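Asks: Submitted below is the structure of interest, expressed as structure tokens.
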Amino acid sequence: MAEPLVPLGEIVTTHGLDGWLKLNPFNRDGRSLASGVQVVLEKAGHRSVHEVEAMSPHKNQFLIKLRDLHHIDEAARYVGSTLAISEAALEPLAPSQYYHYQVVGFEVFDMNGAHIGRIASTMSTPGGELYVVRGATKEHLIPAVKEIIEKVDFAAGKMVINPPDGLLDL
């Protein structure tokens, strides 16, 4: 897998005795994991490639069975790993849509052109996705919703937001 990898979540524990893993997804609505998909598990700089045998939702997480893991002891060494897939394996989006990871590094401005900061990362919460924007003196959590995100300019690497009163004061 030489192409760019997209992290989908973190392995938080094993599940049962047969090598199942529990995944905390970065995006609960993602549908990119399915039987036959190749995944990369990365932990402490070490990567290993596996194939998904089965996957099922479990509360706010996913249970993942990898084809080469057959016992809890084999699975346990991957707890704490980040699970990623190749960018090409992501489900296709409509022309006006984008994945949240694609805007990490973009500069963020308000409607008046004032620089807010740079998107450092994304964060999944029960209330939805947030952009972590690092400014010169402060870090802001900006909800990734169409009511706030006015424009995303991929060519310029920038995002324009229309924050409600008080959002940038938090």
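Asks: Residues of the chain: accessible area per residue at 1.4 Å, in Å²?
Replies: 57
Asks: While we're looking at this one, here's another question. I want to verify a result. In a Gaussian network model of the chain, Cα cutoff 10 Å, which of these has the top mean-square fluctuation: Met55, Met123, Met111?
Replies: With Cα springs under 10 Å in the chain, the top fluctuation among Met55, Met123, Met111 is at Met111.
Asks: Another one. Largest first, how would Val49, Val37 line up by accessible area (1.4 Å probe)?
Replies: Val49, Val37
Asks: If each DSSP helix of 4+ residues adds -39,500 (n - 2.57) and the sum is divided by the residues in the chain, what number results at 222 nm, nearest 500 deg cm²/dmol?
Replies: Result for the chain, helices only: -500 deg cm²/dmol.
Asks: Hey, any idea what % of region 32-167's accessible area is carbon plus sulfur with a 1.4 Å probe?
Replies: Here it works out to 52 percent.
Asks: Exactly which trypsin sites (Lys or Arg not before Pro) in region 1-104 are in a DSSP loop and have at most 10 other Cβ atoms within 10 Å?
Replies: Passing sites in region 1-104 are Arg31, Lys59.
Asks: Let me ask you something else. Rounded to whole Hz and in sequence order, give me ³J(HN,Hα) for region 106-115 from the Karplus expression 6.51 cos²θ - 1.76 cosθ + 1.60, θ = phi - 60°, writing x for Gly and Pro.
Replies: Rounded to whole hertz, the list is 5, 7, 10, 10, 8, 5, 8, x, 6, 6.
Asks: Taking a spot 7 Å from the Cα of Glu107 along the direction of its beta carbon, which residues of region 152-170 have an amide N less than 12 Å from it?
Replies: 156-160
Asks: Another question about this same structure. In whole percent, what relative contact order does region 1-151 give with Cα contacts below 8 Å and a gap of six or more residues?
Replies: 21
Asks: Of the listed values (i) 57, 31, 28; (ii) 61, 43, 30; (iii) 48, 44, 27, grab the one calculated as Cα extents along the principal axes in Å from the structure here.
Replies: (i)
Asks: Considering only Ala155, Ala88, Ala120, give the residue with the highest GNM mean-square fluctuation for the chain, with springs between Cα atoms whenever their separation is below 10 Å.
Replies: Ala155
Asks: If you don't mind, another one. Starting from the 7 Å offset along Cα-to-Cβ, what nm value, one decimal, do you get for the label separation of Glu139 and Ala156?
Replies: Rounded to a tenth, the inter-label distance reads 2.7 nm.
Asks: Let me ask something else about it. State the answer as a single residue: which of Tyr99, Val49, Thr122 lies farthest towards the positive end of the charge dipole of the chain, with beta carbon charges of +1 for Lys and Arg and -1 for Asp and Glu, about the Cα centre.
Replies: Val49
Asks: His115 to Leu170: extension gain in nm, 0.36 nm per residue of separation minus the Cα-Cα distance?
Replies: 18.1 nm
Asks: What does the charge dipole of the chain about its Cα centre add up to, to the nearest 20 debye, if the Cβ of each Lys and Arg holds +1 and the Cβ of each Asp and Glu holds -1?
Replies: Around 160 debye, computed over the chain.
The values are calculated or read from the model by the stated rules, or taken from the named source; none is laboratory data. From a predicted model like this one, the values you see are computed outputs, not experimental measurements. Quick reminder, even Gly has a Cβ in these numbers, built from the backbone with ideal geometry, and neighbours come from all protein chains shown. Note: accessible area is taken over every heavy atom of the protein model, side chains too, but ligands, DNA and RNA are not part of it. Shrake-Rupley method; radii C 1.70, N 1.55, O 1.52, S 1.80 Å.
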